[in-house]
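Trainee: Below you'll find the structure I mean.
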Amino acid sequence: MILDMFSLKGKVAIVTGSDTGLGQGMSKAFVEAGAKVLGVSRTESTATQEMLGEENFQFIVADLSTLDPIDNIINTAVEKFGRLDILVNNAGVIKREDSIDFSVDNWDLVMNVNCRTLFFLSQAAAKQFIKQKSGGKIISTASMLSYQGGIRVPSYTASKSAVKGITMTMANEWAKYGINVNAIAPGYMATNNTQALRADAERSEAILERIPAGRWGTPDDLMGAAVFLASSASDYVNGFTLAVDGGWLAR
Ligand code: NAD
C-alpha cells in the first residue's frame with residue numbers, strides 16, 4: 001500500500017546538525033516514521049533526545065570542519081543500532097562578509113563543513129551501504145543559493161552550489177548499488193541560520209514580500225520531503241535537488 005512505502009520502520013539514520021533547527025525537525029520526522037536516529041552536532045543534541053526518547057535517538061558531538069570524525073560516526077551508528085540505511089548531511093555554517101573583504105578563514109570553514117566533509121561522509125556511508133548489500137539513501141541540505149548568487153555569502157553560495165552538483169555525481173555513480181542520492185533546498189526558514197537576516201528589518205521585509213506562501217518556513221515544513229527521500233517511495237528519484245521554499249524559486 002502506498003503509505004507503507006513511506007514507512008521507515010527498522011531503518012537507521014544518521015542526521016548531522018541534529019541539535020537544532022532543520023536537523024532536529026528531520027530527526028523528529030524519521031522517528032515518527034519508525035526509524036532510529038544517530039544525531040551528530042557541534043553541541044549536544046539533548047533537547048532533540050528529550051523530544052524523541054533515548055531508545056529512538058542517540059547522539060554524538062563532533063566537529064565536522066575536519067574529516068577526523070567520519071569513521072567514528074559510521075561505526076557508532078552501526079554499533080548502537082546494528083546497521084545504516086540513511087545519511088542526512090544537514091550540518092552547515094554560513095559566514096556573511098562583503099566579497100571584497102571576504103577572508104580565507106571564512107572561505108575554508110564554510111567549504112569544509114558544507115562541502116568537503118559532506119562528500120567524504122557520504123562516501124563512507126555509501127561504503128557501508130555497499131558492504132551491507134542493502135542500498136541506502138543519502139540526502140543533503142542544499143539551499144536557494146544552490147540556484148542563486150546571494151549577497152555577502154560567497155563561500156556559502158560556492159558550497160551549496162557544489163552540494164547540488166556532487167549530489168548528481170554521487171547519484172550517477174551509486175545508483176547501481178541501490179543508493180539514492182538527493183538533496184533538499186529549503187527556502188528561507190526561521191532558524192539560527194537566518195537570525196541575522198530576520199533581525200535586519202529591511203532585508204527581512206524584502207524576503208518575505210517575495211515568498212508566494214507569505215511566510216518564513218519552519219523545520220516542520222521539511223518533514224514530508226525528508227521522509228519521502230529517505231523512504232522507498234523515492235526509489236526511482238536520483239540526483240535531484242528538491243526545493244521546499246514556499247514558491248521562492250518560482251518567482
Ligand atoms: P542552524 O544554524 O540552527 O543549524 C546548523 C547546524 O549545523 C547545527 O545543528 C550545528 O550543530 C551544525 N554545525 C555547524 N557547524 C558544525 C561543525 N563544525 N560541526 C558539526 N556540526 C556543525 O541552522 P539550520 O537552518 O537548521 O541549518 C541546517 C542546514 O540547513 C544548514 O546546512 C543550512 O545551511 C541549511 N539551510 C538553512 C536555511 C534556512 O533558511 N534556515 C536555508 C537553506 C539551507
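All of the numbers you see were taken from the coordinates with simple rules; none came from a lab. Everything quoted here is computed from the prediction, not taken from an experiment. FYI the Cβ positions are ideal-geometry reconstructions off the backbone, even for glycines, and counts take in every protein chain you see.
Trainee: Wrap a convex hull around the Cα atoms of the chain, take a quarter of its surface area, and give that in square nanometres.
Mentor: 13.2
Trainee: Tell me, in nm to one decimal, what length is gained between residue 44 and residue 196 on full extension, where the rule is 0.36 nm per residue of separation less the Cα-Cα distance?
Mentor: Stretched fully, the residue 44-residue 196 segment lengthens by 52.4 nm.
Trainee: Let me ask something else about it. Evaluate the relative contact order of the chain (contact order divided by residue number), counting alpha-carbon pairs under 8 angstrom at least 6 apart; express in whole percent.
Mentor: 21
Trainee: Further question on the same structure: Of all the Cα-Cα pairs you can form in segment 78-219, what percent are over 20 Å apart?
Mentor: Across segment 78-219, Cα pairs with separations above 20 Å total 53 percent.
Trainee: Which whole-angstrom value gives the distance between the alpha carbon centres of segment 62-124 and segment 135-152?
Mentor: With segment 62-124 and segment 135-152 each reduced to a Cα centre, they are spaced 14 Å.
Trainee: Determine the distance separating the Cα centre of segment 153-182 from the Cα centre of segment 21-57; give it in Å without decimals.
Mentor: Cα centres, segment 153-182 to segment 21-57: 24 Å.
Trainee: By count of other Cβ within 10 Å, fewest leading, how are 168, 223, 1 ordered?
Mentor: Lowest count first: 1, 168, 223.
Trainee: Out of segment 100-181, which trypsin sites (Lys or Arg not before Pro) are coil in DSSP terms and have no more than 10 other C-beta atoms within 10 Å?
Mentor: Numbers: sites: 116, 127, 131, 133, 137, 152, 160, 164, 176; in loops: 133, 152.
Of the trypsin sites (Lys or Arg not before Pro), the ones in loops of segment 100-181 whose Cβ has at most 10 other Cβ atoms within 10 Å are 133.
Trainee: Stokes-Einstein diffusion coefficient for segment 1-134 at 10 °C in a medium of 1.306 mPa s, Rh from the Kirkwood formula over Cα pairs: what value in µm²/s?
Mentor: Diffusion coefficient, whole number: 103 µm²/s.
Trainee: Something else now. What order do you get for 181, 31 when you list them from fewest to most C-beta neighbours inside 10 Å?
Mentor: Fewest to most other Cβ atoms nearby, the residues stand as 31, 181.
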